[in-house]
Amino acid sequence: MIGISHYLILSGILFSIGFMGVLRRKNLLMLFFATEVMLNAVNIAFAAIGNYYGDLSGQMFAFFVIAVAASEVAVGLGLLIVLYKKYGSLDLDVIATMKG
Amino acid sequence: MEAIAFYVFAISTVILFGITALSKNVLYAMTSLAAGMVMISGFFFLLGADFLGVVQLIVYVGAVMALYSFAMMFFDATKDIKEKHGNPALVFLLGGLMALVFVVIFSAPIIGENMEALYPIVDGVGNAQAVGMVLFTKYLVPFEVAAIMLLVAMIAGIILAGKKMDKSLTTTVIEENPEDEILKESR
């Protein structure tokens, strides 16, 4: 029988995969992909908890997370294009101008 | 039956998102991310959140991935990405510790038993109908704010991406205009 703990542990595993990606990625586009993985993991946790308590609030929050993710992608990709025009690269070591 | 579906979806999402987090090729990472999102919508259907699953398919797999693939055309996606990694042991230590913390945080609601449903799922009504009833009554203001936020994001995306659109991104070699040559020669 699949309970809520299965879903939450899976969500934790997916979130840590995304978090590991955020920590080790040096390319900004790949870093964006990792944040998408993290957002999806949180959505699974919301839906699972909402299902467990018979509550629709979990699904509502998942909807708003999806809306935030969509607008984040639109603004973020615009910024990436501006950065690529300025530096000719998306590598964080090239883009970083502050030393320390 | 539910267990089989859960484990199939779980293993495939973990593998696909692992490829996303570890691959060196942008195209592979993006494709595996899209496939993993399709698998995640399977979890939503398993959990009885049909409308959320459909929204996940349309918004994430449809819109967001199309946006990513359009943005990829601006960058050079064919060559592998070289990334310099300073200290992999530190990254693994931090990632492992954070994973532990997140598992504890996500498992915490199992202990809290005295929670009550704020907006209980109505019997005899489909999931899309129930979602609509809650979304347009209790969550109406956040819904409108989300709509304004999407509008702002759209305008920001157009303005940011539309700057200096006449310049080419991928061709770094400055091309001589052949008409200028002819003009120079005629002078």
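We did not get these values from a lab; they are worked out from the coordinates using the rules stated. Keep in mind the model is a prediction, meaning the values are calculated, not measured. Positions of Cβ are backbone-derived with ideal geometry, glycine not excepted, and every protein chain shown enters the neighbour counts.
Annotations
- The residues B:GLU144, A:GLU72, when put in order of fewest to most other Cβ atoms within 10 Å, stand as B:GLU144, A:GLU72.
- Using the rule -39500 (n - 2.57) for each DSSP H run of four or more residues, divided by the residues of chain A, the 222 nm mean residue ellipticity is -28000 deg cm²/dmol.
- Averaged over the residues of peptide A:89-95, the number of Cβ atoms from other protein chains lying within 10 Å of each residue's Cβ is 2.
- Multiplying the residue separation of B:THR137 and B:VAL54 by 0.36 nm and subtracting their alpha-carbon distance yields 27.7 nm.
- Highest average packing first - A:78-90, B:39-51, B:125-137, Cβ atoms within 10 Å: B:39-51, A:78-90, B:125-137
- Per-residue mean of C-beta atoms belonging to partner chains within 10 Å, peptide B:4-10: 3
- Cβ-derived FRET efficiency at R0 30 Å, A:ILE95 paired with B:ALA66, nearest 0.05: 0.70
- Once the chain from B:LYS82 to B:LEU22 is taken as fully extended at 0.36 nm per residue, the excess over their C-alpha distance is 20.4 nm.
- Highest to lowest packing among A:22-33, B:152-163, B:60-71, scored as the average C-beta count within 10 Å: A:22-33, B:60-71, B:152-163
- Separation of the range B:137-153 from the range A:29-100 is 18 Å, based on Cα centroids.
- Shielding by partners - mean other protein chain Cβ count within 10 Å, residues of B:17-28: 5
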